[in-house]
């Protein structure tokens, strides 16, 4: 590495499937930066130790599951967005040795949605109650959503997400509804029947998208499926309305990270093209997430 080289990585467990290295490396190549970006498996409970061992060549870390709450705790400073979300997906290692925590999922979700639709959004249904649901939910509230229905298998685990959404200055109405095996149609139907949902967000894996769920959501006005591999997911394949993809979210949040790490405007189109090419290749070879 040259004296101007810096190192970045995505951390998570599992992480080998992550498309982030493809996106960031494409950005570096486009701008002629001699930087590196890799995927590092870091299990739950090990993030702080990993960060503490890094040397001065390291600049930025993208953080995925199950480490987003740990990243929030490890950061020395937090951006306003990270404080609002309560979770961190980006760590910037400053020259003075401090660590800045940010959340690019939230503004990335805003950009992803507005890239696909300019419709007014008032009622959102979100499947799942984890860190990604928190960020996307807050993004939607920022776009005008006033009612959020969280459909989760374990309501207690969505307490943090519900609290973060309710703490937003816009004071949205938040309902946590149980989504139990074999009862997907009734649960989702009940949420949608409270009023025509303007957007349905799925944060559940493709393997958990049952036939009942797909049938009930195929007519959603706008479907935002945060999964990007495999693509299309069962929900996305059946959707008849506007679809916002996990790749849309990944590219926009990665572009924001790219700028935070390098200080340069991200080559969004090049990064997206690299992601699309990589997903197409995975589909041809049968490689899954």
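The values are calculated or read from the model by the stated rules, or taken from the named source; none is laboratory data. Since this is a predicted model, take the numbers as computed values, not measurements. All Cβ positions, even for glycine, are placed from backbone atoms using ideal geometry, and neighbour counts span all protein chains on display.
Here is how the numbers come out for the structure above:
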item: Sole residue being under 14 Å from residue 202 (Cβ atoms) and surrounded by fewer than 23 Cβ atoms within 10 Å (Cβ to Cβ), chosen from 236, 273, 278; result: 236
item: Of all residues in region 116-138 being part of a loop (DSSP other than H, G, I, E, B) and touching a residue at least 24 places away in the same chain (Cβ under 8 Å), the one that is surrounded by the fewest Cβ atoms within 10 Å (Cβ to Cβ); result: 120
item: Region 242-289 - residue that is modelled with pLDDT of 95 or more and part of a loop (DSSP other than H, G, I, E, B) and, of those, farthest from residue 61 (Cα to Cα); result: 245
item: Hits in region 241-289 - residues which are over 28 Å from residue 124 (Cα atoms), touching a helix residue (DSSP H, G or I) at 6+ places or on another chain (Cβ under 7 Å) and without any contact (Cβ under 8 Å) to a residue 40 or more places away in the chain; result: 265
item: One residue from 32, 60, 45, 86 being at positive phi and in contact (Cβ under 8 Å) with a residue 40 or more places away in the chain; result: 86
item: Boolean, residue 85 is under 27 Å from residue 205 (Cβ atoms), in contact with a helix residue (DSSP H, G or I) (Cβ under 6 Å, 6 or more places away or on another chain) and modelled with pLDDT under 95; result: yes
item: Failed item in (1) under 19 Å from residue 30 (Cβ atoms); (2) not in a helix (DSSP H, G or I), with residue 220 passing the rest; result: (1)
item: Residues of region 139-158 that turn out to be at pLDDT below 95 and assigned to a helix (DSSP H, G or I), as a count; result: 4
